[in-house]
Amino acid sequence: MAVDLPSVHERALEHTARYVAGVKDGQWDDPTPDAEWDVRTLVNHVVSGNFWVAPLVEGKTIAEVGDRYDGDVLGADPLAQYDTSSRLAAAAFNEPGAMDRMVAVSYGPVAGSVYAGHRFLDVLVHGWDLAAATGQPTSLDQELVHACWDVVTPQAELLAGSGLFGDRVEVPDDADLQTKLLALLGRKAA
């Protein structure tokens, strides 16, 4: 069954918004499962990535977008920036033809569907990272986990070789799908 990427991406944005809203004032400098990022840097990464979606899906190049999303894009209200960036990203991927349009991303021109799949993965898994870092419940929406598994597994070797994820973590064969997904992307769920 094909994954409805605009839909699952938008649902992942909504799911992760709860985690962003749950960050307490004293937690922004706390470490995350992403070794070189604290909570603020992790959220900034997701928000910046969200902001990139609309201009790239509209046909702009990385050079045309320039450095406008470099540095701290969270400002004084990270949740408001997350919400704004989420609305823009979801709207861009839901535009007619967006999944078929070629998008000039850093790893080459790819179909909008490939880019949407990668943004979905990024938002969902970093949502888990944020929950784990801030002591929030880490159980992800199981429909989103299944959809993410369907997106990730055909690209597992490519993703492993990208250097963007940690080394695969070994888990028992009978582990639940969320644990297997996180392990595939270098995260220990327990």
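The values are calculated or read from the model by the stated rules, or taken from the named source; none is laboratory data. Predicted, not measured: the structure shown is a model, and the values here were computed from it. Counting neighbours? That spans all protein chains shown, and the Cβs are built from the backbone with ideal geometry, glycine included. Surface areas here come from the heavy atoms of the whole protein model, side chains and all, with no ligands, DNA or RNA. Shrake-Rupley method; radii C 1.70, N 1.55, O 1.52, S 1.80 Å.
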Handout entry: Breaking point among (1) in a helix (DSSP H, G or I); (2) in contact with a strand residue (DSSP E or B) (Cβ under 9 Å, 6 or more places away or on another chain), for A156
Key = (2)
Fill in the blank from the handout: In the stretch 1-48, residues that are within 17 Å of D77 (Cα to Cα), among the small types (G, A, S) and in contact (Cβ under 8 Å) with a residue 24 or more places away in the chain total 4
Exercise for the section: With the checklist (1) assigned to a strand (DSSP E or B); (2) open to solvent by less than 10 Å² (accessible area, probe 1.4 Å) in hand, flag the one item L130 doesn't pass. Expected result: (1)
Fill in the blank from the handout: Selection from the stretch 74-96 of residues open to solvent by less than 20 Å² (accessible area, probe 1.4 Å) and hydrophobic (A, V, I, L, M, F, W, C) yields L74, A89, A90, A92, F93
Handout entry: Odd one out for G112, checked against (1) farther than 14 Å from H9 by Cβ; (2) surrounded by 19 or more Cβ atoms within 10 Å (Cβ to Cβ)
Key = (1)
Handout entry: Those residues of the stretch 97-106 which are modelled with pLDDT under 95 and either in contact with a strand residue (DSSP E or B) (Cβ under 9 Å, 6 or more places away or on another chain) or surrounded by fewer than 16 Cβ atoms within 10 Å (Cβ to Cβ) (or both), in sequence order
Key = A104, S106
Handout entry: Residue satisfying all of: in the stretch 37-67; in contact with a strand residue (DSSP E or B) (Cβ under 9 Å, 6 or more places away or on another chain) and aromatic (F, W, Y); farthest from A133 (Cα to Cα) among these
Key = W52
Practice task
Give the residues of the stretch 101-127 that are assigned to a helix (DSSP H, G or I), of a type in the set (A, V, I, L, M, F, W, C) and over 16 Å from L42 (Cα atoms), sorted by residue number.
Solution key: V114, A116
